[in-house]
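Undergrad: One structure, as structure tokens, below. Some questions next.
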Amino acid sequence: MKSKEIKALVAQMTLEEKASLLSGADFWHTKPVERLGIPATMVSDGPHGLRKQDEKADHLGVNDSIKAVCFPAACATTASFDPELIRTMGEAIGDSCQHEKLSVVLGPAVNIKRSPLCGRNFEYCSEDPYLAGRMATAYIQGVQSRNVGVSIKHFALNNQEHRRMSSSSDCDERTMREIYFPAFEMAVKEAQPWTVMCSYNRINGVFASENRWLLTDVLRKEWGFKGYVMSDWGAVSDRVAGVHAGLDLEMPASGGLNDEKIVEAVKAGKLKEKDVDLCCERILNIVYRYVENAKPETPWDQEAQHELAAAIAAESMVLLKNKGNLLPLKKKDEIAFIGEFAEKPRFQGGGSSHINSFKTTSALEAARAAGLKVSYAPGYSVLADAATEEQIAEAVAAAKQAKVAVVFAGLPDSYESEGYDRKNMGMPACQNKLIEAVAAANPKTVVVLHNGAPVEMPWIDKVAAVLEAYLGGQAVGIATVKLLFGDVNPSGHLAETFPKRLQDNPSYLFFGGEGRRTEYREGVFVGYRYYDKKDMDVLFPFGHGLSYTTFAYSDLQLSRAEMNDTEELVVSAKVTNTGKRFGKAVAQLYVGDVESDALRPVRELKGFVKVGLEPGETKEVTFTLDKRSFAIWKEDIHDWYVETGDFTIQVGSSSRDLPLCACVRVNSTTELKRNYDMNSIFMDLMADAKAKAVFEPFLKALNEAFGGQPEEKTEAEKEAMSDDMGAAMMNYMPLRGLVSFGAKREVAAQIEAMLKMVND
Ligand code: BGC
């Protein structure tokens, strides 16, 4: 329906009908307006599959949803560093939505992993905003290519579960713009999601659901978002303020209470009816976009999607360690699978994203189906969160008999979930104990991890290999066996740092906050941005991921050595497979500002390319950088800004393995407004060409009037003030110092006149 027709439709609605359209009919439906033939549409949780519930819906997932395909969660898929693959997953989910008559799937969830403790990290993408943005954009493009929408969530700064419906995320704007917003911004600008879901929390004291700056000024006016904003489920506090702010749809509903409040507010002149109209138009626009393109005849081939889920999982798992190339395993060898997760894998997280999988394939099942010689000992009981002496003894015996022992370990469901945060980064003690015992019995021990966020690994030096399988979806077992036995070469890379211990994490002192407030005091130094700045040892760095082959990086080329910030820079490099088997490399590009007035990370990810290479093959990878690749958010001009100067361009296979480095000079084309005053210091004035031109001759003259610098200082003078100290005193001297330290009082007026000249 054209926007003119939608406006005409809204014009026919009574105020009560309009208000009613602005909240859900139930947990999952928008309201119909039967008198005007406006249909209801259904939304459903996801995002890594469908969680379509029936009439007995309850949103917390107690009631069953339809049988569906559970793809790997975002903790895993992001580690694939493969947007094309994630687009394919989006297309598959889009097809399922069409089949199931769903207008919108609730996801992707792109909140930044500020701390490893956040209970929902498993469904979030990364600690890095650029990576999260690229992957989310691809997912959205995939889903929406099928004419169904997404709801990118949770906008914004919903980085903890503790007090999630009321706590205030208190953060400076630069940090929001550089860290917490870009994934949403990129997705809006490049994929135009049909809907955005605002978060539960407050932002600097104002609920996201009534935050006009967030929902209207930033999201719509700056980024150009055209769809509708819905609330997270129950995120509305003051509905009238929400309409004014730009929150179109309240979900699920308030039994009509808030609809009445909207009507009353309009009648009392406290809310403009045109704001209500606008919300209706935005909702109807999407309702009709779906209805007019609905294709319920779209087939949903769940078996084919099971295979796709396996393929995606295989591309996403990260080989963290592989001492002596123990992996891949040899198919002829006797292998012991140990740990209950081998038989009952943990492949998804708990809460609203929980999917009722139509089937699951465990690693044990996949290995047996492939005819591999695999023995099995449970080792521990996940539900009991315990390992008995007998279970450990049985596991040790199995490990001793086998050529290689593979322990399947990780976090049980109860350790990480929507609704609450983890208390520590530890794995269950029984599993740590089991791993130690097995590794002592057989040094050829491999650990396969099923977890949604980093864990501490006290046993890391005792095991030969670690494969991070994350929460790999219902077909996780197929992928695990393919990787373990080398049918597929691992190519996932970490989308988050694994710190050595929780205390190392930059948000450690502030995460969770005090009472109703959580201050984001670490600022932009989130994840590797902090560990690199402090040059700290980590367990596994951001971007890390091994392969069964090896890659060499060479021939870094920049399209120019100097550029204006309005221009683009094309960077190319060569990647060669120097090993003996096909593999995929993830070439990562990081930008660093060599010298900056702002506090900046050492390097930030600004490009990546995944590339498949046959043994001996070399391919060129290219990256295009633009202003945003170099810019910071400058609060005083309220815009992106590049400081003129040199920037390093580093390329390699992880944030800590960057063999290629080159430099580019970027010139700013933004002239900053000068705001010098009597408190401006000499150092700043002399660093600014215009200020220098005005002040330097004056300062010289003044200096001479005072008799200039003595040619030779006496020993006593040197002792009292070294040259360094003298220079520092001058550098940091404010202009007013000229008056305080002895110039004639008329000098003050001269300085004021010069300040005016420079500032104008
Ligand atoms: C979650 C959302 C989810 C919604 C609907 C909320 O509790 O935060 O992510 O989409 O419920 O189930």
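Undergrad: Within 16 Å of the ligand (Cβ to nearest atom) and hydrophobic (A, V, I, L, M, F, W, C) - does that describe any residue in segment 252-261?
TA: Yes, because at least one residue in segment 252-261 is within 16 Å of the ligand (Cβ to nearest atom) and hydrophobic (A, V, I, L, M, F, W, C).
Undergrad: Of all the helices (runs of 4 or more DSSP H) wholly in segment 347-466, which have at least 3 residues that are charged (D, E, K, R) and more than 20 Å from L502 (Cα to Cα)? Reasoning before the result, please.
TA: Numbers: elements: 363-369, 389-401, 429-441.
Once the helices (runs of 4 or more DSSP H) in segment 347-466 are filtered for at least 3 residues that are charged (D, E, K, R) and more than 20 Å from L502 (Cα to Cα), what remains is 389-401.
Undergrad: Related question: Out of all the residues in segment 624-683, which are among the polar types (S, T, N, Q) and more than 17 Å from P601 (Cβ to Cβ)?
TA: Filtering segment 624-683 for residues among the polar types (S, T, N, Q) gives 624, 629, 644, 648, 650, 653-655, 667-670, 675, 679-680.
T624, T644, S653, N667, S668, T669, T670, N675, N679, S680 - these are the residues of segment 624-683 that are among the polar types (S, T, N, Q) and more than 17 Å from P601 (Cβ to Cβ).
Undergrad: Next question, about the same structure. Could you tell me which numbered condition R174 fails, if it satisfies all but one of (1) crowded, with 24+ Cβ neighbours inside 10 Å; (2) more than 14 Å from the ligand (Cβ to nearest atom)?
TA: Every condition holds for R174 apart from (1).
Undergrad: Which residues, counting only those in segment 540-564, are of a type outside the set (F, W, Y), over 15 Å from I649 (Cβ atoms) and in a loop (DSSP other than H, G, I, E, B)? Don't jump to the end; show me each part of the working.
TA: Step one: filter segment 540-564 for residues of a type outside the set (F, W, Y), giving 541, 543-547, 549-550, 552, 554-564.
Checking the rest, the ones that are also over 15 Å from I649 (Cβ atoms) come to 541, 543-547, 549-550, 552, 564.
Scanning segment 540-564 gives P541, G543, H544, G545, S547, T549, T550.
Undergrad: While we're here: Inspect all residues belonging to segment 285-292 and state whether any of them is within 16 Å of the ligand (Cβ to nearest atom) and out of contact with any Pro (no Cβ under 7 Å at 6 or more places or on another chain).
TA: Taking segment 285-292 as the starting set, the residues that turn out to be within 16 Å of the ligand (Cβ to nearest atom) are none.
Checking segment 285-292: not a single residue is within 16 Å of the ligand (Cβ to nearest atom) and out of contact with any Pro (no Cβ under 7 Å at 6 or more places or on another chain).
Undergrad: List pairs: first in segment 225-236 and more than 20 Å from P182 (Cα to Cα), second open to solvent by 10 Å² or more (accessible area, probe 1.4 Å) and among the aliphatic types (A, V, I, L, M), Cβ under 8 Å, 6+ apart or cross-chain?
TA: G234/M165; A235/M165
Undergrad: Tally up the residues in segment 12-42 that are away from the ligand (no atom under 16 Å from the Cβ), free of Cβ contacts under 8 Å to residues at least 24 places away in the same chain and not polar (S, T, N, Q), please.
TA: Looking only at segment 12-42, we keep the residues that are away from the ligand (no atom under 16 Å from the Cβ), and these are 12-22, 31-40.
Next, from what is left, pick out any that are free of Cβ contacts under 8 Å to residues at least 24 places away in the same chain: 14, 17, 31-35, 37, 40.
Those still in the list that are not polar (S, T, N, Q) too: 17, 31-35, 37, 40.
Qualifying residue count for the region: 8.
Undergrad: So, in segment 192-229, how many residues would count as being in a loop (DSSP other than H, G, I, E, B), more than 19 Å from I140 (Cβ to Cβ) and within 16 Å of the ligand (Cβ to nearest atom)? Reasoning before the result, please.
TA: Our first condition is that a residue be in a loop (DSSP other than H, G, I, E, B); within segment 192-229, this holds for 192-194, 199-201, 204-205, 211, 223-227.
Of the ones still in play, those that are also more than 19 Å from I140 (Cβ to Cβ) are 200-201, 204-205, 211.
If we keep only those that are within 16 Å of the ligand (Cβ to nearest atom) as well, we get 200-201.
So the count comes out to 2.
Undergrad: Filter segment 238-247 down to the residues that are more than 16 Å from the ligand (Cβ to nearest atom) and surrounded by 23 or more Cβ atoms within 10 Å (Cβ to Cβ) and list them by number.
TA: Within segment 238-247, R239, G242, V243, A245, G246 qualify.
Undergrad: Right, another one. Search segment 104-122 for residues being more than 12 Å from the chain's Cα centre (by Cα) and not in a loop (DSSP other than H, G, I, E, B), and hand back the single one that is nearest to the ligand (Cβ to nearest atom).
TA: L106
Undergrad: Separate question: Using the structure shown, decide if Q305 is within 29 Å of L372 (Cα to Cα), within 16 Å of the ligand (Cβ to nearest atom) and either modelled with pLDDT of 95 or more or buried (at least 23 other Cβ atoms within 10 Å of the Cβ) (or both). Walk me through how you get there before you give the answer.
TA: Values: within 29 Å of L372 (Cα to Cα): yes; within 16 Å of the ligand (Cβ to nearest atom): no; either modelled with pLDDT of 95 or more or buried (at least 23 other Cβ atoms within 10 Å of the Cβ) (or both): yes.
No.
Undergrad: Might you check whether a residue that is open to solvent by less than 30 Å² (accessible area, probe 1.4 Å), more than 22 Å from the chain's Cα centre (by Cα) and farther than 22 Å from S316 by Cβ occurs anywhere in segment 629-639? Quick ask: steps written out before the conclusion?
TA: If we filter segment 629-639 for residues that are open to solvent by less than 30 Å² (accessible area, probe 1.4 Å), which is where we start, we get 629-633.
Subset that is more than 22 Å from the chain's Cα centre (by Cα): none.
Within segment 629-639 (the criterion being open to solvent by less than 30 Å² (accessible area, probe 1.4 Å), more than 22 Å from the chain's Cα centre (by Cα) and farther than 22 Å from S316 by Cβ), the answer is no, since none of the residues qualifies.
Undergrad: Could you tell me which of the residues A342, A363 is over 24 Å from A304 (Cβ atoms) and either among the aromatic types (F, W, Y) or under 31 Å from the mean Cα position of the chain (by Cα) (or both)?
TA: Values: A363 fails: over 24 Å from A304 (Cβ atoms).
Exactly one of A342, A363 is over 24 Å from A304 (Cβ atoms) and either among the aromatic types (F, W, Y) or under 31 Å from the mean Cα position of the chain (by Cα) (or both), namely A342.
Per-residue answers, yes or no, for (1) open to solvent by less than 10 Å² (accessible area, probe 1.4 Å); (2) among the hydrophobic types (A, V, I, L, M, F, W, C):
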| residue | (1), (2) |
| --- | --- |
| D487 | no, no |
| G515 | no, no |
| V526 | yes, yes |
| R529 | yes, no |
| H544 | no, no |
| S547 | no, no |
| F551 | no, yes |
| T566 | no, no |
| V571 | yes, yes |
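Undergrad: Could you please let me know if A235 is within 16 Å of the ligand (Cβ to nearest atom), touching a strand residue (DSSP E or B) at 6+ places or on another chain (Cβ under 8 Å) and at pLDDT below 95? Walk me through it before giving the result.
TA: On the way: within 16 Å of the ligand (Cβ to nearest atom): yes; touching a strand residue (DSSP E or B) at 6+ places or on another chain (Cβ under 8 Å): yes; at pLDDT below 95: no.
For A235, the condition - within 16 Å of the ligand (Cβ to nearest atom), touching a strand residue (DSSP E or B) at 6+ places or on another chain (Cβ under 8 Å) and at pLDDT below 95 - is not met.
Undergrad: Being within 16 Å of the ligand (Cβ to nearest atom), under 16 Å from T195 (Cβ atoms) and either aliphatic (A, V, I, L, M) or part of a loop (DSSP other than H, G, I, E, B) (or both) is the filter here; which residues of segment 126-157 pass it?
TA: Passing the criteria: A136, I140, V143, V148, V150, I152, A156.
Undergrad: Inside segment 468-523, can you point out the residues that are of a type in the set (V, I, T), in contact with a helix residue (DSSP H, G or I) (Cβ under 6 Å, 6 or more places away or on another chain) and over 29 Å from L50 (Cα atoms)? Give the steps one after another, and end with the answer.
TA: In the first step, residues of segment 468-523 are kept if they are of a type in the set (V, I, T); the result is 476, 478, 480-481, 488, 497, 518.
If we keep only those that are in contact with a helix residue (DSSP H, G or I) (Cβ under 6 Å, 6 or more places away or on another chain) too, we end up with 476, 478, 480-481, 488, 497.
Hit for segment 468-523 is T497, nothing else.
Undergrad: If you take the residues in segment 335-353 that are in contact (Cβ under 8 Å) with a residue 40 or more places away in the chain and charged (D, E, K, R), which one is nearest to the ligand (Cβ to nearest atom)? If you could, list the steps in order and put the result at the bottom.
TA: First, pick out the residues of segment 335-353 that are in contact (Cβ under 8 Å) with a residue 40 or more places away in the chain: 335-342, 345-353.
Applying the additional criterion that residues be charged (D, E, K, R) yields 340, 346.
Details: E340: 29, R346: 20 Å.
Among residues in segment 335-353 that are in contact (Cβ under 8 Å) with a residue 40 or more places away in the chain and charged (D, E, K, R), the one nearest to the ligand (Cβ to nearest atom) is R346.
Undergrad: I want to confirm something. Restricting to segment 127-159 and keeping residues that are out of contact with any Gly (no Cβ under 6 Å at 6 or more places or on another chain) and open to solvent by 10 Å² or more (accessible area, probe 1.4 Å), which single residue is nearest to E604 (Cα to Cα)? Quick ask: steps written out before the conclusion?
TA: First, pick out the residues of segment 127-159 that are out of contact with any Gly (no Cβ under 6 Å at 6 or more places or on another chain): 128-138, 140-141, 144-145, 147, 149-159.
After this cut, where a residue has to be open to solvent by 10 Å² or more (accessible area, probe 1.4 Å) as well, the list is 130, 134, 141, 144-145, 147.
Details: Y130: 9, R134: 14, Q141: 25, Q144: 30, S145: 31, N147: 35 Å.
This residue is Y130.
Undergrad: For segment 580-601, how many residues are of a type in the set (V, I, T) and open to solvent by less than 60 Å² (accessible area, probe 1.4 Å)? Please lay out each step first, then the result.
TA: So the first thing to find is which residues in segment 580-601 are of a type in the set (V, I, T), and the list is 586, 591, 594.
Narrowing further to those that are open to solvent by less than 60 Å² (accessible area, probe 1.4 Å): 586, 591.
Looking only at that region, the number is 2.
Undergrad: Identify, by number, the condition in (1) in a helix (DSSP H, G or I); (2) within 16 Å of the ligand (Cβ to nearest atom) that Q98 doesn't meet.
TA: In the conditions (1) in a helix (DSSP H, G or I); (2) within 16 Å of the ligand (Cβ to nearest atom), Q98 misses (2) alone.
Undergrad: Working only within segment 23-46, note down all residues that are touching an Asp or Glu at 6+ places or on another chain (Cβ under 6 Å) and surrounded by fewer than 24 Cβ atoms within 10 Å (Cβ to Cβ).
TA: At the first step, the residues of segment 23-46 found to be touching an Asp or Glu at 6+ places or on another chain (Cβ under 6 Å) are 23, 33.
Listed by number, the list holds a single entry, V33.
Undergrad: Does R164 satisfy being within 15 Å of the ligand (Cβ to nearest atom), under 24 Å from E496 (Cβ atoms) and open to solvent by 10 Å² or more (accessible area, probe 1.4 Å)?
TA: Here the answer is yes, as R164 does meet what is asked.
The values are calculated or read from the model by the stated rules, or taken from the named source; none is laboratory data. Quantities reported herein were computed from a predicted structural model and do not represent experimental measurements. A quick note on method: Cβ atoms are made from the backbone with ideal geometry, for glycine too, and the neighbour counts reach across all protein chains shown. Side chains are part of the model used for accessible areas, which takes the heavy atoms of the whole protein and leaves out ligands, DNA and RNA. Shrake-Rupley method; radii C 1.70, N 1.55, O 1.52, S 1.80 Å.
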